[in-house]
Amino acid sequence: MDYVSQILGAIFNLFNLKNIIYILLIIIGGLIIIRLGDKTLSKLEQKFDLNLTAHYLFKDIWKYTVIIVAFAWILHVLGINLESIIISLGVVGIVIGLASQDIVSNFISGIFVISDKKIQIGQVIEVDGFKGTIKKVGFRNTTMINQDNYEIRIPNSVLSKNIYKLYKPTEDYRLRINAVLPHGMSIDQFKEDLDKIMYSYDWVVKNKTTIFSKDYTEWGPKVEVSYWITEYKYIDCGKVTILENINRLSDEYRKNSRRKIKVNVKK
């Protein structure tokens, strides 16, 4: 039976209710296994103090392994013999093999990047003209966030072949937040109030805040607020916390302004 016949047979089998149920169970089971693997890795990370760099790579390895196994199982359910198809395709198989060399190269490079223990999550690096904070070391790429908050993906092979620059750890954990303040709100008073709130968190570095006006919009002055945090793992929740407190202070200022207007009107 040639591969065309197998594909036609698979299409016919796809409309079989029993096969549909099997395929759905395989997909659901695969998603559950991926989720369980991620949770297990998180627990191991906390228990053995594993770094996030290895966590993300092992997570990708586990995810793609489950996907490949699930895909092969689905093809088996549909009656497709992968071995005979690969042999039949011949040239296509060679082309796929050559194309996968880049994937394999990036994957192996990713392992060397992690084993070297120099590039880790949260570090600021500059490579091939790009500078940013390492967010994730994945199966094929390393993801960084630049100062403009753009996501940049660099193939792992680029990191292993090119010279890169590592920056001081103090810059790794800087949070930059842009916000628009209400009209009439004092920037100095705003900084003082926000500092009182933010310095109450243990993960915020004390007495190291910068705030400056960037622009003036129709809604009010646009400012950039910068705080430093003690550990990179707080970077996401730290941004949310800063934004929530900025919004809270802005809302309180607006409410107080309305009360003053009402009092003046009554007088």
Check: Hey, how much of the P(r) for the stretch 124-167 falls beyond 18 Å, as a percent of Cα pairs?
Finding: 14 percent
Notebook entry, point to check: How do 233-242, 202-211 rank on mean C-beta neighbours within 10 Å, highest first?
Noted result: 233-242, 202-211
Next item on the list: Starting with the highest mean, order 155-162, 214-221, 191-198 by the number of other Cβ atoms within 10 Å, averaged over the residues of each peptide.
Entry: 155-162, 191-198, 214-221
Next item on the list: Select from the stretch 11-43 those chymotrypsin sites (Phe, Trp or Tyr not before Pro) which occupy a DSSP coil region and have at most 16 other Cβ atoms within 10 Å, ordered by residue number.
Entry: Phe15
Checklist line | Distant alpha-carbon pairs in the stretch 173-266 (separation over 23 angstrom), percent | finding: 28 percent
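Laboratory data are not the source of any read-out in this text; all were calculated from the coordinates shown. Note that the structure is predicted; figures quoted are calculated from it, not measured. Cβ coordinates were reconstructed from backbone atoms using ideal geometry, including for glycine residues, and neighbour counts include every protein chain displayed.
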